[in-house]
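Input: a single structure, listed below in structure tokens.
The values are calculated or read from the model by the stated rules, or taken from the named source; none is laboratory data. None of the values given here were measured: they were computed from a predicted structure. Quick reminder, even Gly has a Cβ in these numbers, built from the backbone with ideal geometry, and neighbours come from all protein chains shown. Just the protein is used for accessible areas: all its heavy atoms, side chains included, with ligands, DNA and RNA removed. Shrake-Rupley method; radii C 1.70, N 1.55, O 1.52, S 1.80 Å.
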Amino acid sequence: YHYFGSKEGIYGEVLRTVFKELETIEEALFSRDEAVEDPEAAMRETVFAYFSFLQRTPAFVRLLLWENLNEGRHLKRLERPVTKSHMLAHLTRLLKAGEQAGHFRKGLEPRGVLASLIGLCLIYFSNRHTLSTTLGVDLASGKGLRGAAKQSCDILLHGITKRPGA
């Protein structure tokens, strides 16, 4: 209470801190020129980085689910807002590079691609227990998560890759 004034203040700072950790990872991914040189490899690396972050930070998944159950109430009220603007700027650059190289489809909307990327990754962590039970796989195992990350990469890339003749 001394530093944050209330439980909500503490919770808001925790939210901001974990989102900042993810933002730092995102910025590191796209700060290198290689991301533009090989856009497909950069997208794969991004998916694997998200999987790795979610695996290392299970509290982030729980906080994200809780915040969504509360309609983003605390996130909207943060004194220092959380934004995906850096990630969107980098992703926009990556998608343009992939489009110019003839790898990615034209007119991809970066916000939609990012939402799809996050969704493909997050489901394996937010629904890990129910999916493991109902699908009969161990999504907590390293092998299960590596397979899920590869599958998510393939699905995402299939969705954004330019088709022959298109």
Rounded accessible area of Tyr11 (nearest 10 Å², 1.4 Å probe): 40 Å²
Estimated inter-spin distance, Val14 and Arg56, nm [label 7 Å along Cα→Cβ]: 2.0 nm
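What per residue convex hull volume, in Å³, do the alpha-carbon atoms of the range 1-149 yield? Could you put the intermediate results ahead of the total?
On the way: hull volume 19.9 nm³, N = 149.
It is 133 Å³ per residue.
Students often check this: by mean Cβ neighbours within 10 Å, which of 56-66, 73-83 ranks highest, and how do the rest follow?
Numbers: 56-66: 14.9, 73-83: 12.4.
Ranked by mean Cβ neighbours within 10 Å, highest first: 56-66, 73-83.
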Net lengthening on full extension, Ala115/Thr24 (0.36 nm per residue, minus Cα-Cα): 30.9 nm
Long-range amide H partners of Thr161 with built H, under 5 Å: Arg105
Relative compactness, the range 91-166, computed as alpha-carbon Rg over 2.2 N^0.38 Å: 1.31
Nearest-10 value in Å² for the accessible area of Thr24, using the 1.4 Å probe: 80 Å²
Backbone HN-Hα couplings from phi across the range 14-28 [Karplus 6.51/-1.76/1.60, Hz, Gly and Pro as x]: 4, 4, 4, 5, 6, 5, 5, 4, 5, 4, 4, 5, 4, 4, 5
Using θ = phi - 60° and Karplus 6.51 cos²θ - 1.76 cosθ + 1.60, couplings along the range 81-94 (whole Hz; Gly, Pro as x): x, 8, 9, 9, 4, 5, 4, 5, 5, 5, 5, 4, 4, 5
Charge context of Leu122, other residues only, Cβ under 15 angstrom, K/R +1, D/E -1: +2
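Past the 27 Å Cα-Cα mark, which pairs from Lys20/Lys76; Lys76/Lys162; Lys84/Lys150?
Checking Cα-Cα distances, Lys76/Lys162 exceed 27 Å.
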